[in-house]
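So the structure is just underneath, and the comments pick up after that.
The values are calculated or read from the model by the stated rules, or taken from the named source; none is laboratory data. On a predicted model such as this, the values are computed, not experimentally measured, just so you know. Neighbour counts are summed over all protein chains in view; Cβ atoms, including those assigned to glycine, are modelled from backbone coordinates with ideal geometry. Protein only, heavy atoms only, side chains kept; ligands, DNA and RNA dropped before computing areas. Shrake-Rupley method; radii C 1.70, N 1.55, O 1.52, S 1.80 Å.
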Amino acid sequence: MIPWAVVLYVRERDRSNRFWSKEVLFFVAMAGWFLLSTLWSSSHSYKIQKALCFSFYTIPAFLMGYLVISNNCERLVRLLQSLLIFALIVFAETFRVFYVKGMGSIQDIMGTNYLVTGQTLGVGLIVLIVYSLHRFVDANRKTLGLEIVLGSLFFYGLINIGGRGPFAACAISTLVLYAVFCRYSNAVKNPLLHLVLFSTVTFVLCVGLNYLFHQQGSHFANRMMPLLNSIKADGSAMERLEFYQSAIKAFVANPVVGLGFGGWPVYHGLSDISYHPHNIFLEIMAETGMVGLLLFVAFLTVCVQGLSLGPILSSPLLVAACLITLFAFMNACKTGDLHDNMLFFFALSLVAGLKRNSISIKVV
């Protein structure tokens, strides 16, 4: 996709000089500082791996979304369709694994880890809910039933794949969607009726599928129980707290420029390996210091500055882009290395690009 995006940008650059926009300039400044920090990192091999991944994946993801995809409404429609199709493929494989191996443990789907699978299913669920809610509110209900059933099945996959973070991020994003629609929709009862309908269908399907798969409760609930009883009883939660404390100590010890890209694992005593503090803010603070943190916050600010709910709520495209950004941001605050959070930077680029272009993107 990246080479084709370069071709499209060169072909269309006469119509838009957006490369010199403040969003891109702040992103380039932030990314440049991150890469520059490899010079003083105590890491040897991991800093090179991290810098290369950030340069070849994360940076192009933002630039492609901002400069190319958000420049055309049809491209955004095709993107959401592609994301949904890919999520459906992952969803089908997830249910095949559930049927063959059961749901008693964390499962890796299609050669990747459960967190990536959860994020993929979460994106698909968000797209389905956004479009079905818009159709319900606008009384355009031709495919409403299919979208609600598929959304319910995605929900079932999420609560049993094993990842607490993706499910929590998706649940919060969905509740924000309903809350905003109830607050600003002309017909408040419509979003509430849609929520009741979706919840009812989801409950019925979950009970039926649990009976089919001989499952009691959900894997998500089983993983939450130790955390609800005592945070000390949850090894994963205790490990995260230890990482957070370590990242804060690293920042205090190197407040201005940080440890350098890829330097936190060495500081934490994990040796020169691919690992991270499981929080994008703490990771940036620890490895790039106050300079990197300020550049990151400034970048976030210019990307969302000027957004208003009126234009957003008028189109499922903008709603989906904003909700996927929120979903990816919450995941970035809980897990994922900086360069692994491509979905967040990519989704944010779409929101920033659409906001700047003021594209007329009515319901498609």
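Can you tell me which of (1) modelled with pLDDT under 80; (2) within 30 Å of Ala31 (Cβ to Cβ) is the one His214 doesn't meet?
(2)
All but one of (1) of a type in the set (A, V, I, L, M); (2) at pLDDT 90 or above; (3) surrounded by fewer than 17 Cβ atoms within 10 Å (Cβ to Cβ) hold for Met110; which doesn't?
Here Met110 meets the rest and fails (2).
In the stretch 32-49, how many residues are in contact (Cβ under 8 Å) with a residue 12 or more places away in the chain and open to solvent by less than 80 Å² (accessible area, probe 1.4 Å)?
So the count comes out to 11.
Restricting to the stretch 52-71, name every residue that is free of Cβ contacts under 8 Å to residues at least 60 places away in the same chain and surrounded by 17 or more Cβ atoms within 10 Å (Cβ to Cβ).
Ile59, Pro60
I'd like to verify a number: residues in the stretch 296-320 that are at pLDDT 90 or above, among the polar types (S, T, N, Q) and farther than 30 Å from Leu35 by Cα, how many?
0
Looking at this structure, is Ala328 under 20 Å from Met30 (Cβ atoms) and small (Gly, Ala, Ser)?
yes
In the stretch 293-331, what count of residues is obtained for those that are over 27 Å from Gly258 (Cβ atoms), surrounded by fewer than 21 Cβ atoms within 10 Å (Cβ to Cβ) and among the polar types (S, T, N, Q)?
2
Kindly list, by first and then second residue, each pair from a residue in the stretch 108-120 that is on the phi > 0 side of the Ramachandran plot to a residue that is of a type in the set (Ser, Thr, Tyr) and assigned to a helix (DSSP H, G or I), limited to pairs with Cβ atoms under 8 Å and residues at least 6 apart or on different chains.
From residues that are on the phi > 0 side of the Ramachandran plot, the pairs are Met110/Thr117.
Looking at Gly336 and the list (1) assigned to a helix (DSSP H, G or I); (2) within 14 Å of Ile280 (Cβ to Cβ), which single condition is not satisfied?
Exception for Gly336: condition (1).
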